[in-house]
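Below is one structure; the comments refer to it alone.
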Amino acid sequence: MPAIASLSAVRKISRVLSPLCLLVALAWPLVVAGSVIGGPISALISTVGIHANETQVASIGLWQRVLCAGIGVLPALAYAGALLALADCLRGFAAGDYFGLRCVLGLRRFAGRSFVASLLGLIAQPLCSVVLSWHFGVGQRQLALGLSSDQIGMLLLAGVVWTIAGVMSEARRIADENAQFV
């Protein structure tokens, strides 16, 4: 009996999580762009990892912030795509189709797009550091590189989910094969 209660819980949780994924997918790129363009410049400089004095900070122009927003929104759009795929998978779970093609492909797409988003995030920081320090002058421009535990964790999670989707795909194939014998 615990398995039935467990599947019931999976269906209920999936019904809640699916629309949340959609909401976050829609909001995330807007939040990222808005925080880069309209947020405090000190937060942007800190996030990108450059060092600047007050004169340099004051000379950072709107065009630089807009360009950084465009660069920063690329990983956010990839994550949004990943969340849309995950929402589709969760809708399948909510319908009780745990090993259906929709769920397997949704998980696979979530994993792939999350991986791409993580890679884009690794590239976005150095690009933004160059954009923000471009006007500092020759010899003072900066290229900041960084690797966070969140980025490493997301890359690993994407690999694990990709693997789970592969196992689900094989389980689906075996179930289809067995159904032909019955």
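Could you please give the count of residues in region 100-114 that are over 14 Å from LEU83 (Cβ atoms) and either surrounded by fewer than 21 Cβ atoms within 10 Å (Cβ to Cβ) or in contact with an Asp or Glu (Cβ under 8 Å, 6 or more places away or on another chain) (or both)?
6
Please determine, by comparing only the residues of region 98-118 that are of a type in the set (Lys, Arg) and within 19 Å of the chain's Cα centre (by Cα), which one is farthest from SER6 (Cα to Cα).
ARG113
Scanning for something under 25 Å from ALA82 (Cα atoms) and among the β-branched types (Val, Ile, Thr), does region 132-142 turn up at least one residue?
Filtering region 132-142 for residues under 25 Å from ALA82 (Cα atoms) gives none.
Checked region 132-142: no residue is under 25 Å from ALA82 (Cα atoms) and among the β-branched types (Val, Ile, Thr).
Please work out if ALA124 is open to solvent by less than 60 Å² (accessible area, probe 1.4 Å), under 27 Å from HIS51 (Cβ atoms), outside any helix (DSSP H, G or I) and hydrophobic (A, V, I, L, M, F, W, C).
For ALA124, the condition - open to solvent by less than 60 Å² (accessible area, probe 1.4 Å), under 27 Å from HIS51 (Cβ atoms), outside any helix (DSSP H, G or I) and hydrophobic (A, V, I, L, M, F, W, C) - is not met.
Filter region 87-111 for residues that are within 16 Å of GLU170 (Cα to Cα) and among the basic types (Lys, Arg); which is modelled with the lowest pLDDT?
ARG102
Only one of ALA175, ALA165 is part of a helix (DSSP H, G or I), within 18 Å of the chain's Cα centre (by Cα), farther than 26 Å from ILE60 by Cβ and not aromatic (Phe, Trp, Tyr); which?
On the way: ALA175 fails: within 18 Å of the chain's Cα centre (by Cα).
Answer to the selection: ALA165.
The values are calculated or read from the model by the stated rules, or taken from the named source; none is laboratory data. This is a predicted model, so every value here is computed, not measured. Ideal geometry is used to build each Cβ from the backbone, glycine not excepted, and the neighbour counts take in all protein chains shown. Surface accessibility is based on the protein's heavy atoms, side chains included, excluding ligands, DNA and RNA. Shrake-Rupley method; radii C 1.70, N 1.55, O 1.52, S 1.80 Å.
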